[in-house]
Every structure is written in C-alpha cells, then in structure tokens.
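A short write-up of the structure that comes next.
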Amino acid sequence: MSPAAPLADQPRAVLHPAASRWITLWDGREALGWDHHGLPVFRFRWAPSGLATRRQLRALRLSPGRQEPYALLVWRHGQRWAWLSASTSPSHPASRRQPS
C-alpha cells in the first residue's frame with residue numbers, strides 16, 4: 001500500500017468490531033484498532049494521541065516532510081492518512097515574493 005496512490009484506488013478496510021485487536025504503537029502504548037496490509041487502521045475517535053492528518057498538521061504549521069504515513073483513519077464516509085506529529089517538520093514560510 002503506497003502512500004502515493006490515491007485513497008480512492010485503495011481497497012477499503014473492513015472494520016468489523018470482532019476483527020479489532022490491540023496494536024502496539026510507536027511509543028510502547030497499545031490501542032484498539034485493525035491491521036490492513038501491515039498498516040494500523042483506527043476508527044474516528046479511536047485514534048491514539050500523537051497522530052495527525054495532513055490538514056491538522058497544516059493548521060499547526062507543520063508538514064509530514066518525507067515521512068511515510070503511520071496509520072489510516074477511517075470513518076463512515078471517508079478515510080485519511082495520519083502521520084506521527086512528533087516526527088513532522090515545520091512548514092516552510094512564504095518567501096518575500098509570495099503573498100502570505
């Protein structure tokens with residue numbers, strides 16, 4: 001599952017509650033989620049703290065840099081990639097010639 005491929009081209013993760021399991025996170029904590037081809041998947045409001053979508057990172061003036069997504073967040077009508085917010089880098093400020 002490549003992060004470069006659009007989410008629409010990816011098979012949807014099946015999130016049956018009986019198939020959920022405890023997933024060990026990057027910091028040793030455990031969270032209830034699913035494994036989809038080796039990628040952790042969390043439902044809306046089930047995601048552990050420390051993950052952020054691209055839109056949330058942009059609101060904090062951060063960018064994922066060249067990091068691979070850590071997890072997939074899924075809710076009723078969509079899904080988004082999530083990155084570790086601790087491993088992100090500051091976004092580049094606009095140059096003098098670009099309007100801010």
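When the stretch 14-46 is examined, which residues are found to be at pLDDT 85 or above, more than 15 Å from residue 76 (Cβ to Cβ), outside any loop (DSSP other than H, G, I, E, B) and not acidic (Asp, Glu)?
21, 22, 23, 24, 31, 32, 33, 34, 39, 40
Tell me the residue from 11, 3 that is modelled with pLDDT under 85 and loosely packed, with under 10 Cβ neighbours inside 10 Å, please. Don't jump to the end; show me each part of the working.
Numbers: 3 fails: loosely packed, with under 10 Cβ neighbours inside 10 Å.
The match here is 11.
Looking at the stretch 47-73, which of its residues are small (Gly, Ala, Ser) and either at pLDDT 85 or above or outside any loop (DSSP other than H, G, I, E, B) (or both)? If you could, list the steps in order and put the result at the bottom.
First, the residues of the stretch 47-73 that are small (Gly, Ala, Ser): 47, 49-50, 52, 59, 63, 65, 71.
Answer for the stretch 47-73, where residues must be small (Gly, Ala, Ser) and either at pLDDT 85 or above or outside any loop (DSSP other than H, G, I, E, B) (or both): 47, 49, 50, 52, 59, 63, 71.
Okay, residues lined up against (1) of a type in the set (Lys, Arg); (2) closer than 23 Å to residue 16 by Cβ; (3) in contact with a helix residue (DSSP H, G or I) (Cβ under 8 Å, 6 or more places away or on another chain); (4) surrounded by 13 or more Cβ atoms within 10 Å (Cβ to Cβ):
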| site | (1), (2), (3), (4) |
| --- | --- |
| 38 | no, yes, no, no |
| 45 | yes, yes, no, no |
| 51 | no, yes, yes, yes |
| 57 | no, no, yes, yes |
| 61 | yes, no, no, no |
| 69 | no, yes, no, yes |
| 74 | no, yes, no, yes |
| 81 | no, yes, yes, yes |
| 85 | no, no, yes, yes |
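The values are calculated or read from the model by the stated rules, or taken from the named source; none is laboratory data. Because the structure is a prediction, the values reported are computed rather than measured. FYI the Cβ positions are ideal-geometry reconstructions off the backbone, even for glycines, and counts take in every protein chain you see.
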